[in-house]
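Shown next, in structure tokens, is the structure this report addresses.
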Amino acid sequence: MSRPYYIAGNWKMHKTRAEAADLAKALVTDLKDGKHKYLVAPSFTALETVGTIVKGTNIMLGAQDCACEEQGAHTGEVSVLQLKDLGVQVIILGHSERRHIYKEDDLLINKKVNLALKHGFEVILCVGELLEEREAGKAEAVCERQTVEGLKGVSAGDIARVTIAYEPVWAIGTGKTATPEDAEAIHAHIRKVAAKLYGADTAAKILIQYGGSVKPDNAAALMAKENIDGALVGGAALKADTFLPIAKFA
Ligand code: PEP
């Protein structure tokens with residue numbers, strides 16, 4: 001089964017609008033002949049600026065989170081309706097920083113996944129184990145639980161708009177990357193879980209990104225693995241010099 005590669009940049013809580021615009025312009029120019037699927041996810045404050053620059057190009061616009069309700073009394077939150085208004089196409093949900101710093105649980109993340117899909121967005125659902133969970137031999141079980149719980153209520157029709165990102169928490173922003181073999185083992189397991197939920201044919205089409213200290217020098221080896229369909233990139237996505245070689249890997 002041949003699947004496209006999907007390279008996404010999560011800019012986290014970095015960049016003013018002017019800085020975000022500079023990076024977005026560089027990516028649009030350099031990726032215009034890029035062969036893969038691309039996404040940039042700036043902070044909420046830069047979505048409109050970056051959206052204007054990537055509109056009509058081969059780079060999609062992503063948000064890093066959304067509220068679990070459409071609208072109402074939710075101080076500090078940003079709703080799917082507001083994101084749609086800004087031209088956002090994809091929402092990253094369940095990022096480990098949301099799970100572990102802001103204590104988002106599977107139930108809340110699942111509510112957001114279903115809301116985002118209901119409003120026509122694509123979703124990147126992040127899953128991944130803590131170091132102590134890996135050391136206790138629980139990596140597969142944790143990723144399975146987060147995948148199953150995160151996808152509750154997602155129909156066989158809607159799953160085509162969901163990408164799973166396997167991001168071992170111990171590898172995010174630490175410079176420690178999972179070996180291609182370790183990552184592949186979890187990716188294969190996640191695909192097996194998806195096959196149980198949606199059948200083998202549908203599961204074979206689901207894109208599963210790897211995230212966790214992906215850099216220009218390790219991207220190709222990771223993506224050479226059968227079940228690794230791209231990357232969700234944090235630190236290396238903040239500069240064109242480091243994101244472009246990943247995005248253009250052959
Ligand atoms: C991320 O935040 O999704 C991520 C993978 O970060 P980094 O590439 O910096 O490890």
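The values are calculated or read from the model by the stated rules, or taken from the named source; none is laboratory data. For clarity, every value in this text was computed on a predicted model and none was experimentally measured. Reconstructed Cβ throughout: ideal geometry from the backbone, glycine too, with neighbour counts over all protein chains shown. In case anyone asks, the SASA skips ligands and DNA or RNA and just uses the protein heavy atoms, side chains included. Shrake-Rupley method; radii C 1.70, N 1.55, O 1.52, S 1.80 Å.
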Inset, instruction - Scan segment 19-42 residue by residue and report those that are farther than 24 Å from L93 by Cα and open to solvent by less than 10 Å² (accessible area, probe 1.4 Å). - result: L31
Inset, instruction - At least 3 residues that are away from the ligand (no atom under 16 Å from the Cβ) and either touching a His at 6+ places or on another chain (Cβ under 9 Å) or not hydroxyl-bearing (S, T, Y) (or both) in each: list the helices (runs of 4 or more DSSP H) lying fully within segment 194-250 that qualify. - result: 200-205
Inset, instruction - Could you check T45 against (1) in contact (Cβ under 8 Å) with a residue 24 or more places away in the chain; (2) within 22 Å of G230 (Cβ to Cβ); (3) open to solvent by 20 Å² or more (accessible area, probe 1.4 Å); (4) polar (S, T, N, Q) and say which number it fails? - result: (2)
Inset, instruction - Just give me the residues in segment 69-90 being open to solvent by 80 Å² or more (accessible area, probe 1.4 Å) and within 23 Å of T49 (Cβ to Cβ), in sequence order. - result: E77, Q82, K84, D85, Q89
Legend entry - Those residues of segment 229-248 which are crowded, with 24+ Cβ neighbours inside 10 Å and either free of Cβ contacts under 8 Å to residues at least 24 places away in the same chain or of a type in the set (V, I, T) (or both), in sequence order: V233, I246
Inset, instruction - For residues that are within 16 Å of the ligand (Cβ to nearest atom), open to solvent by less than 50 Å² (accessible area, probe 1.4 Å) and not in a helix (DSSP H, G or I), tally how many sit in segment 91-132. - result: 14
Inset, instruction - Please enumerate the residues belonging to segment 169-193 that are in a helix (DSSP H, G or I), of a type in the set (A, V, I, L, M) and within 11 Å of the ligand (Cβ to nearest atom). - result: V169, A171
Legend entry - Verdict on A219 being farther than 21 Å from I92 by Cα and of a type in the set (A, V, I, L, M): no
Inset, instruction - Provide a single number: the residues in segment 166-180 that are over 26 Å from I101 (Cβ atoms) and either open to solvent by less than 40 Å² (accessible area, probe 1.4 Å) or touching a residue at least 24 places away in the same chain (Cβ under 8 Å) (or both). - result: 1
Inset, instruction - For K215, state whether it is within 23 Å of K138 (Cβ to Cβ), without any contact (Cβ under 8 Å) to a residue 60 or more places away in the chain and open to solvent by 30 Å² or more (accessible area, probe 1.4 Å). - result: no
Legend entry - Every pair of residues 6+ apart whose Cβ atoms lie under 8 Å, when the first sits in segment 133-146 and is assigned to a helix (DSSP H, G or I) while the second is surrounded by 15 or more Cβ atoms within 10 Å (Cβ to Cβ) and small (G, A, S): E133/A139; E140/A185; V142/G128; C143/G128; Q146/G94; Q146/G128
Legend entry - Pair list, Cβ under 7 Å, 6 or more apart: segment 119-132 residue in contact (Cβ under 8 Å) with a residue 60 or more places away in the chain, other residue open to solvent by 50 Å² or more (accessible area, probe 1.4 Å) and of a type outside the set (D, E, K, R): E122/Q89
Inset, instruction - Scan segment 142-168 residue by residue and report those that are over 18 Å from K118 (Cα atoms), out of contact with any Lys or Arg (no Cβ under 8 Å at 6 or more places or on another chain) and either more than 16 Å from the ligand (Cβ to nearest atom) or not polar (S, T, N, Q) (or both). - result: V142, C143, E144, R145, T147, V148, A165, Y166, E167
Legend entry - A240 being modelled with pLDDT under 95 and out of contact with any Cys (no Cβ under 9 Å at 6 or more places or on another chain): no
Inset, instruction - Please state which of the following conditions C66 fails to meet, knowing it meets all the rest: (1) in a loop (DSSP other than H, G, I, E, B); (2) open to solvent by 30 Å² or more (accessible area, probe 1.4 Å); (3) of a type outside the set (D, E, K, R); (4) at pLDDT 95 or above. - result: (2)
